[in-house]
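Participant: Sharing a structure here in structure tokens format.
The values are calculated or read from the model by the stated rules, or taken from the named source; none is laboratory data. Note that the structure is a prediction, hence the values are computed from the model and not measured. Backbone-built Cβ (ideal geometry, glycine too); neighbour counts: all protein chains shown. Remember, those area values only see protein heavy atoms, side chains included, never the ligands or the DNA or RNA. Shrake-Rupley method; radii C 1.70, N 1.55, O 1.52, S 1.80 Å.
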There are 2 protein chains.
Amino acid sequence: MSQASRVLNATLRNKIMSADEAAALIPSGVNVGMSGFTGSGYPKLVPAALARHINKHNQAGEKFRIGVWTGASTAPELDGALASVDGVEMRLPYQSDPTCRRRINAGEMEYIDIHLSHVAQFVWFGFLGKLDIAVVEVAGIREDGSLIPCSSIGNNKTWLDQADKIILEVNSWQNPELEGMHDIYYGTQLPPNRMPIPIVRPGDRIGEQYFRCDPDKVIAVVETHSPDRNTPFTPPDNDSRRIAGHVIEFLEHEVKKGRLPANLLPLQSGVGNIANAVMAGLNDSKFEHLTAYTEVLQDGMLDLIKSGKLDFASATAFSLSPDALANLNANMRQYRDKILLRPQEISNHPEVIRRLGIISMNGMIEADIYGNVNSTHIMGSAIMNGIGGSGDFARNAYLSMFVTPSQAKGGAISCIVPMVSHVDHTEHDVQVLVTEQGLADLRGLSPKQRAKVVIENCAHPDFRPALREYYERALHSGNGRQTPHILDEALSWHSRYQKTGSMR
Amino acid sequence: MSQASRVLNATLRNKIMSADEAAALIPSGVNVGMSGFTGSGYPKLVPAALARHINKHNQAGEKFRIGVWTGASTAPELDGALASVDGVEMRLPYQSDPTCRRRINAGEMEYIDIHLSHVAQFVWFGFLGKLDIAVVEVAGIREDGSLIPCSSIGNNKTWLDQADKIILEVNSWQNPELEGMHDIYYGTQLPPNRMPIPIVRPGDRIGEQYFRCDPDKVIAVVETHSPDRNTPFTPPDNDSRRIAGHVIEFLEHEVKKGRLPANLLPLQSGVGNIANAVMAGLNDSKFEHLTAYTEVLQDGMLDLIKSGKLDFASATAFSLSPDALANLNANMRQYRDKILLRPQEISNHPEVIRRLGIISMNGMIEADIYGNVNSTHIMGSAIMNGIGGSGDFARNAYLSMFVTPSQAKGGAISCIVPMVSHVDHTEHDVQVLVTEQGLADLRGLSPKQRAKVVIENCAHPDFRPALREYYERALHSGNGRQTPHILDEALSWHSRYQKTGSMR
């Protein structure tokens, strides 16, 4: 298939230009809504051309910076390229790029970390300012001017609807068989005119297969043939396998107790190796007819579909290793009736998550003995990535689980601490904590009762004595005994790490 | 109207007995679901009789304790009576009683502080253990055995459905004209069978006027004639009036900017004097055709209905001062078409809150410079009341506002601190902070940008220099600059208060 054949609308064919020409249409000071969710469906050429453009201005002594809004994280060609030329004034709602992170933590780039389900509505509400330009990758432009979405949806619908001007990247690398795997919901309204989101099963179709797009707003069409760039997963290590084992055993126990159906409830799992290990564990389990209502579709979930264990998966993006991506593209027909991609305001919608009764599993940086979770900040001050969709899922899930190895940095850091250095998920939203050491079921426990199971079941044995000792001293410190703390010491583990390189 | 006439069902008439006889049917070790939400609709006689019963056992050297589950807070006749005899092993999901609080903070009573929308479903899921007995106040029993709810609904539907045994208190003090003001939704299901909650306007009726009740489960009917006991409100002080002024001015500004309709969006407001002052401010404003979708209906909202400013209010309970309650009862006909009481799983349902686009206003204990909010803990360890419904509303609201005076304890405490000592609402869920000093609009701001407006707009001038100095030093500490903190000092203000009685 030639690249040209992907732009079937005559009006838009006339707007085809080079990435450099398109990037030159983006002035300094604007907010740009770009496609991209994990390493999928981000524009491949325009951000890099824009970075060159910005660099030229910067070298001429002019300050050229824009606001960059996306679905979630992207790839080096977008976040890396723009951050490396210091071209980003404000980044939202999520990032995971090393250059971007370095700029943010150096105070050179502002960053707003937002629940992924909130982003689209905040733009519609006018809470984030004006969206000037959309730069959206699509798999093709149809004769009627509607757009074929590609490997992620993210906030693209909102960007296309809300931006004054639109630049389209038509990527002929995107598999044409993706057509029909998308469900773009056009029923959202502003309050007070909102209606129920009519999803009652993960596979329910409630929208359209294509993006609507006003051709008059399109200022450029750029053709490309470039692959998505996702990170390879490392094979599950011992810790990940042990965490997965605890999770599977717990789910089996819940089924036995009658608290979960035999085929569980729709699964959500965050990005990463532990999540993939849990999926691998499910593949080896006796569970069948599983479903998923999740944010990203990873290798492990694709394997579950392949093996016939998973009947249906709804997501907003693929987040596959190069190998899995090749497998998907080679066998798209086998998968296409079992996968649906939706806008992230729907994949992460609290209403739908609560209704479906999701089993939610997300990674974390650290948890404290009372079950508060830090998903975002290193030692309280430095951002790692962002909260992403973890809050959308954890608070509204049927079961909310957070997972991490019990130690980091070769044992210098305990991931179970007296008090987390930053809170993203409060004790109210955290039901189950899992490390390679074991699982803490916190449902129906008071904070003091939680402390005991978190320390004994989840903390690394090396850190248990110090955690027990902190708890006991806090309990007898004369401070209140709902959530006993000694404020002078609550964050001392982190402080010690900053000073000595170890929490020990 | 005689008391007897309120029990019209023949079978249940045969189960009428004294409160002491009924209380004697409650054994030690059980979980008891009691009615009650704020000072409304709690059982008036059985808890006190149970307290006497427990006391007798305790004096005989036997340990007699129960689990007490309610809608939210209750009154001295329930929480106070049971806590004073040390009869409560585990309390959930909310309390605000001084004796109860003292026991909890002394480590003599376990307490689980739960999002109010989560409670009913957790019981249905089996996450909190078995509910053995329900003790529910009603306004009457109909001939067919169905029950007329009274001045609060709370979790009563779930208690009646889930408990093995039921004790009913039929309170003839409750206004008979309450009949018909309730909407009990019987459409909830366990996942994966849940359907949309079909509310699209605050006044939508989706359920039944009465509680269904299996007469075979009823083990006792106790008749009483006792008033609800709510706390009187103090008239708005200067700080409350100034906070209300900032809120109203902000809402007017949002309407002018086109970000809110002229009649706003449905209001939610937490309990307390500041909330009442905001309602009083709305009464003096030019806003009309207001609506409310809230947890409790307070004096200020009743005044808004009376003045014709508020078209409709949905809540789960009345929370009125004695004067306002007398006014309501004397003029029920005037109010009854404009008020609906619902189960708290519906009044606080994330799905409905997000759909309606609520303007949410809740009190807090403290906020930090980055916009994290502590609603529950004094100096990190001691519980005050609980999170209540503030999390249900804040995360799903159109606008989420938190209010507090800038200082407490005569200026010894700053309610704006470097880092909150406990987090209930993360930066992700807090859009607007208001003190008597001013309003901080945090929408679209990064943490560093937030710090500046929180310090300059909300902190008391006496504390601003120290906050600015902390922020600047944190920014240059060499730690990350997303949310700059100095961990050795982040909680030092609270620690100083504990040691010296002042944060100054």
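Participant: Rounded to the nearest 5, what % of the DSSP beta bridges within the range A:238-500 are antiparallel ones?
Facilitator: Antiparallel: roughly 30 percent of the beta bridges in the range A:238-500.
Participant: Beyond a 30 Å Cα-Cα separation, which of these cross-linked pairs lie in this structure: A:Lys309/A:Lys452; B:Lys306/B:Lys409; A:Lys15/B:Lys256; A:Lys257/B:Lys44; B:Lys56/B:Lys130?
Facilitator: A:Lys309/A:Lys452; B:Lys306/B:Lys409; A:Lys15/B:Lys256; A:Lys257/B:Lys44
Participant: Also, I was wondering about something else. How large is the charge dipole for chain A, taken about the Cα centre, if only the Cβ atoms of Lys, Arg (+1) and Asp, Glu (-1) carry charge, to the nearest 20 debye? Mind showing how you got there, number by number?
Facilitator: Details: 49 positive and 56 negative charges, 136 e Å.
With Lys and Arg at +1 and Asp and Glu at -1, about 660 debye.
Participant: Restricting the count to DSSP beta bridges whose residues both fall in the range B:288-426, what percent are antiparallel, rounded to a multiple of 5? Could the numbers behind the result be given before it?
Facilitator: On the way: 7 of 23 bridges.
Here the antiparallel bridges make up roughly 30 percent for the range B:288-426.
Participant: Separate question: Please list the non-local residues whose amide H lies under 5 Å from the amide H of A:Glu169, H modeled 1.01 Å from N, same-chain partners needing a gap of 5 or more.
Facilitator: Long-range HN contacts for A:Glu169: A:Val136, A:Glu137, A:Val138, A:Val222.
Participant: Over both sides of the B-A contact, add up the buried accessible area with a 1.4 Å probe and give it to the nearest 100 Å².
Facilitator: Summed over both sides, the interface buries about 7100 Å².
Participant: Going toward the positive end of the dipole of the protein assembly as shown, with +1 on Lys and Arg Cβ and -1 on Asp and Glu Cβ, which of B:Ala120, A:Cys458, B:Ser5 do you reach last?
Facilitator: Of B:Ala120, A:Cys458, B:Ser5, it is A:Cys458.
Participant: Related question: Give the calculated FRET efficiency between B:Asn238 and B:Ala326 to the nearest 0.05, with a Förster radius of 25 Å applied to their Cβ-Cβ distance.
Facilitator: Computed FRET efficiency for B:Asn238 and B:Ala326 comes out at 0.35.
Participant: Mind checking A:492-504 for the average number of partner chain beta-carbons within 10 Å of each residue's beta-carbon?
Facilitator: Neighbouring Cβ atoms belonging to other protein chains average 2 per residue here.
Participant: Size of the range B:141-237 along its principal axes in angstrom, Cα-based, largest extent first?
Facilitator: Its Cα atoms span 47, 42, 22 Å along the three principal axes.
Participant: Something else now. If you take the square roots of the eigenvalues of the alpha-carbon gyration tensor of the protein assembly as shown and sort them as a ≥ b ≥ c, do you get rounded (a/c under 1.5), prolate (a/b over b/c) or oblate?
Facilitator: Numbers: a/c = 1.57, a/b = 1.52, b/c = 1.03.
Here the protein assembly as shown falls in the prolate category.
Participant: Using a 7 Å offset from Cα along Cα-Cβ at B:Arg13, what residues in the range B:150-176 end up with backbone N under 12 Å from the label point?
Facilitator: No residue passes the distance filter.
Participant: Provide Rg and Dmax in Å for the range B:10-224, with only Cα atoms included in the calculation.
Facilitator: Answer for the range B:10-224, Rg first and Dmax second: 16.8, 56 Å.
Participant: Can I ask one more? Antiparallel versus total DSSP beta bridges in the protein assembly as shown: what percent is that, nearest 5?
Facilitator: 25 percent
Participant: Keeping every protein chain present and rolling a 1.4 Å probe, give me the accessible area per residue for the range A:15-105 in Å².
Facilitator: Accessible area per residue, the range A:15-105: 32 Å².
Participant: For the range B:238-500, what is one quarter of the convex hull surface built on the Cα atoms, given in nm²? Walk me through the intermediate numbers first.
Facilitator: On the way: hull surface 57.2 nm².
Averaging across all directions leaves 14.3 nm² for the Cα convex hull.
Participant: What is the range B:86-202 by shape, rounded, prolate or oblate, if you read a ≥ b ≥ c off the alpha carbon gyration tensor as root eigenvalues and call it rounded for a/c under 1.5, prolate for a/b larger than b/c, and oblate otherwise?
Facilitator: It is oblate, given that a/c is not under 1.5 and a/b is not larger than b/c.
Participant: Give me a comma-separated list of calculated 3J(HN,Hα) values for the range B:76-86, in order, Karplus coefficients 6.51, -1.76, 1.60 applied at θ = phi - 60°, integers in Hz, x for any Gly or Pro.
Facilitator: x, 5, 10, 4, x, 4, 6, 5, 5, 9, 6
Participant: If you don't mind, there's one more thing I want to ask. Using +1 at the Cβ of each Lys and Arg and -1 at the Cβ of each Asp and Glu in the range A:316-428, identify which of A:Ala397, A:Asn327, A:Met361 lies farthest towards the dipole's positive end.
Facilitator: In the range A:316-428, that residue is A:Asn327.
Participant: Could you order the peptides B:259-272, A:383-396 from most to least packed, using the average number of other C-beta atoms within 10 Å per residue?
Facilitator: A:383-396, B:259-272
Participant: Right, something else. If you put +1 on each Lys and Arg Cβ and -1 on each Asp and Glu Cβ, how big is the dipole of the range B:213-304 around its Cα centre, in Debye rounded to 20?
Facilitator: So the magnitude is around 440 debye.
Participant: Can you give the average number of partner chain beta-carbon atoms within 10 Å of each beta-carbon in peptide B:199-205, as a whole number?
Facilitator: Per residue, the number of nearby Cβ atoms from other chains is 1 on average.
Participant: Tell me the relative contact order for the range B:309-397 as a rounded percent, counting alpha carbon contacts under 8 Å between residues six or more apart. Show your work: numbers first, answer last.
Facilitator: Values: 75 pairs, mean separation 24.4, N = 89.
It comes to 27 percent, rounded to a whole number.
Participant: For chain A, what is the relative contact order in percent, using Cα pairs closer than 8 Å and at least 6 residues apart in sequence?
Facilitator: 14 percent
Participant: Heavy atoms only, 1.4 Å probe, whole protein assembly: order B:Glu21, B:Glu345 by accessible area, highest first.
Facilitator: B:Glu21, B:Glu345
Participant: Nearest 500 deg cm²/dmol is fine: what mean residue ellipticity at 222 nm does chain A get from its DSSP H runs of n ≥ 4 alone, each adding -39,500 (n - 2.57), divided by its residue count?
Facilitator: So the calculated ellipticity at 222 nm is -8000 deg cm²/dmol.
Participant: May I pose another question? Based on the alpha-carbon gyration tensor of the range A:236-383 and its eigenvalue square roots a ≥ b ≥ c, which shape applies: rounded if a/c is under 1.5, prolate if not and a/b is larger than b/c, or oblate?
Facilitator: Here the range A:236-383 falls in the rounded category.
Participant: Still on this structure, please answer the following. Compute the label-point distances linking B:Arg212 to its equivalents in the other copies; points lie 7 Å from Cα along Cα→Cβ; give nm, one decimal, shortest first.
Facilitator: Output for B:Arg212: 4.2 nm, nearest copy listed first.
Participant: Please state the charge dipole magnitude for the range A:238-500, taken about the Cα centre, from unit charges on C-beta atoms (+1 on K and R, -1 on D and E), reported in debye and rounded to the nearest 20.
Facilitator: 320 debye
Participant: How tilted is helix A:464-475 with respect to the longest principal axis of chain A? Cα atoms for both, answer in degrees (0 to 90, nearest 10).
Facilitator: Orientation of helix A:464-475: about 80 degrees from the principal axis.
Participant: If one computes the Cα centroid of the range A:190-247 and of the range B:112-164, what distance in Å separates the two points?
Facilitator: Computed from Cα coordinates, the inter-centre distance equals 39 Å.
Participant: A further question follows. Rounded to whole Å, give me the distance from the Cα center of the range B:356-398 to that of the range B:259-326.
Facilitator: Result: 19 Å between the Cα centres.
Participant: Would you kindly work out the equivalent ellipsoid of chain B from its C-alpha gyration tensor and give its semi-axes, the square roots of five times the eigenvalues, largest first in whole Å?
Facilitator: They are 40, 27, 19 Å, listed from largest to smallest.
Participant: Using a Förster radius of 51 Å, what is the FRET efficiency between A:Arg496 and B:Asp144 based on their Cβ-Cβ separation? Nearest 0.05, please. Don't jump to the answer; show the numbers that get you there.
Facilitator: Values: r = 68 Å, r/R0 = 1.32.
Calculated value: 0.15.
Participant: In whole angstrom, and with the biggest value first, how far do the Cα coordinates of the range A:348-504 range along each principal axis?
Facilitator: Over the range A:348-504, Cα extents along the principal axes are 44, 31, 26 Å.
Participant: On to the next question. Output ³J(HN,Hα) for the range A:141-148: one whole-Hz value per residue in order, computed from phi by the Karplus curve 6.51 cos²θ - 1.76 cosθ + 1.60 with θ = phi - 60°, and x for Gly and Pro.
Facilitator: 10, 7, 4, 7, x, 6, 10, 8
Participant: Hey, with R₀ at 60 Å, roughly what FRET efficiency would A:Ser28 and A:Glu288 work out to, going by the Cβ-Cβ distance, to 0.05? List each step's numbers first, then the result.
Facilitator: Values: r = 55 Å, r/R0 = 0.92.
Taking R0 as 60 Å, the efficiency between A:Ser28 and A:Glu288 is 0.60.
Participant: Over the range A:1-138, what percent of the accessible surface lies on carbon and sulfur atoms, probe 1.4 Å? All intermediate terms of the calculation are to be shown ahead of the outcome.
Facilitator: Values: 2330 of 4430 Å².
Carbon plus sulfur share of accessible area: 53 percent.
Participant: Quick one: which residues, 5+ away or cross-chain, put their amide H under 5 Å from the amide H of A:Ser406? H built at 1.01 Å from N.
Facilitator: A:Glu436, A:Gln437
Participant: Taking H placed 1.01 Å from N in the peptide plane, check which residues at least 5 places from B:Val417 or on another chain put their amide H under 5 Å from its amide H.
Facilitator: Here B:Ala367, B:Asp368, B:Ile369 satisfy the definition.
Participant: Considering only the label points, 7 Å along Cα→Cβ from Cα, what distances in nm to one decimal separate A:Gly410 from the same position in each other copy, shortest first?
Facilitator: 5.6
Participant: Related question: Starting at the first residue of the range B:487-504, write each ³J(HN,Hα) from the Karplus equation 6.51 cos²θ - 1.76 cosθ + 1.60 with θ = phi - 60°, in whole Hz, x for Gly and Pro.
Facilitator: Values per residue, Gly and Pro as x: 5, 5, 10, 4, 10, 6, 5, 5, 4, 4, 4, 4, 7, 10, x, 8, 7, 6 Hz.
Participant: Could you give, in nm with one decimal, how far B:Asn263 is from each other copy of that position, shortest first, with labels 7 Å out from Cα toward Cβ?
Facilitator: 4.5
Participant: Just subtract the alpha-carbon distance of A:Met195 and A:Ala262 from 0.36 nm times their residue separation and send over the number in nm, one decimal.
Facilitator: Details: separation 67, 0.36 × 67 = 24.12 nm, distance 3.24 nm.
Full-extension gain reported as 20.9 nm.
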